[in-house]
Amino acid sequence: MTYGTKLRERIAAPGTTPLIGVYDMYSATITAQHYDAMFVSGFGFAASYYGLPDIGFIAWPDMMAFVQRLRGAFPGHHLLVDIDDGYVDPEVACHVVEGLERTGASGVIIEDQKRPRRCGHADGKQVLPLADYLTKLDMVLATRRDMVVVARTDATEEADILHRAEALAATDADVVLVDGVRSVDWIRRIRGVVGDKPLLFNQIAGGKSPSLSLGELTDLGVDIAIYSTPCLFAAHRAMHSALTDLKRADGRLPEADDTGGVGRVGVRTATRLLEGNLARLRSVPESARG
């Protein structure tokens with residue numbers, strides 16, 4: 001059974017499937033202990049790999065190399081990859097999709113933004129003419145073999161949102177995402193125009209969309225929820241806190257708790273975590289097995 005089929009079956013199961021955004025191998029290693037589905041977030045990757053905002057700096061070879069490392073360490077986890085606009089050119093988009101599927105990605109998200117692109121929850125987004133995006137999307141769909149393809153629109157005008165969502169649902173894409181949805185009412189309206197097509201909802205702390213539980217999303221007919229940045233933003237706050245404490249203590253490190261408790265992480269705890277990624281110790285989560 002292929003990775004795409006496994007993710008497709010998970011999406012079709014009852015309830016809303018959560019995918020947790022990871023930004024490097026360490027965050028993925030921690031996430032893998034809690035969830036069996038990961039989202040390779042463009043926001044997180046741009047921040048961690050380049051130290052830059054999510055406005056189009058990602059180079060596709062860098063993203064492909066990251067996904068290859070993830071798949072090597074986590075052979076049983078679902079991996080949904082953000083490929084932005086397919087890196088502008090339709091031929092490049094197809095090349096990337098082919099390479100990611102060969103690497104073992106479960107699926108990709110491809111958007112209809114035009115350059116300069118923006119984070120889906122930022123102001124100033126512009127979209128391609130719908131016909132141009134559909135041409136690119138159709139080429140990607142013809143290239144993939146079994147990989148899940150999420151068609152994403154970043155439209156902001158109300159009529160255009162519904163028009164594009166309906167048009168995307170009419171394609172062979174597996175899932176529709178309208179990014180930056182601003183209210184529960186709009187989730188219902190979008191759900192109404194996409195028919196039976198699976199629907200994805202993107203939650204990001206401080207973004208434009210409401211914060212909703214998985215139960216609430218299930219009641220709204222949402223099939224997938226991606227959480228782009230919980231690991232990244234938690235690390236941001238924790239690092240600030242740790243370095244503030246270190247400065248206050250005149251450079252004296254706190255005592256580490258390597259017993260598995262809730263105290264400070266030390267070298268033994270971190271090493272035990274990373275040893276789990278060694279091939280000889282790796283195990284496949286029961287829920288992700290074919």
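What follows is calculated from the coordinates using simple rules that are stated; it is not laboratory data. These figures come from a predicted structure and were not determined experimentally. Here the Cβ is made from the backbone with ideal geometry for all residues, glycine too, and neighbour counts use every protein chain on show.
Some notes on this structure:
- Convex hull of Cα atoms in segment 175-249, direction-averaged projection (nm²): 5.6 nm²
- The chain: angle of helix 230-248 to the longest principal axis, Cα-based, in degrees nearest 10: 30 degrees
- The alpha-carbon positions of segment 96-242 define a convex hull whose volume is 136 Å³ per residue.
- Working from the Cα coordinates of segment 76-121, the gyration tensor eigenvalues give, after taking √(5λ), semi-axes of 20, 14, 5 Å in decreasing order.
- An ellipsoid equivalent to segment 8-103, defined through the eigenvalues of its Cα gyration tensor, has semi-axes of 22, 16, 13 Å when rounded to whole angstrom and sorted largest first.
- A simple spin-label model places pseudo-atoms 7 Å from Cα toward Cβ; at A238 and Y26 they are separated by 0.9 nm.
- Across the chain, the longest run free of exposed loop sites, meaning GluC sites (Glu not before Pro) lying outside DSSP classes H, G, I, E and B with no more than 15 other Cβ atoms within 10 Å, spans 1-156.
- Across all Cα atoms of the chain, the radius of gyration (one decimal) and Dmax (whole number) stand at 19.4, 62 Å.
- Across every pair of non-identical alpha carbons in segment 52-161, the mean reciprocal distance, once inverted, gives a Kirkwood radius of 14.4 Å.
- Distances between placed amide hydrogens fall under 5 Å for S209 paired with I204, all partners being 5 or more residues away or on another chain.
- Each label was represented as a point 7 Å from its Cα along the Cα-to-Cβ direction; for V88 and R272 these points are 4.9 nm apart.
- A straight Cα-to-Cα reach below 19 Å connects K197 with the lysines K6, residues fewer than 8 places away in its own chain not being considered.
- Annotation: lysines with alpha-carbon distance below 20 angstrom to K125 (same-chain offsets under eight excluded): K114, K136, K208.
- C-alpha center-to-center spacing [segment 49-102, segment 155-186] in angstrom: 23 Å
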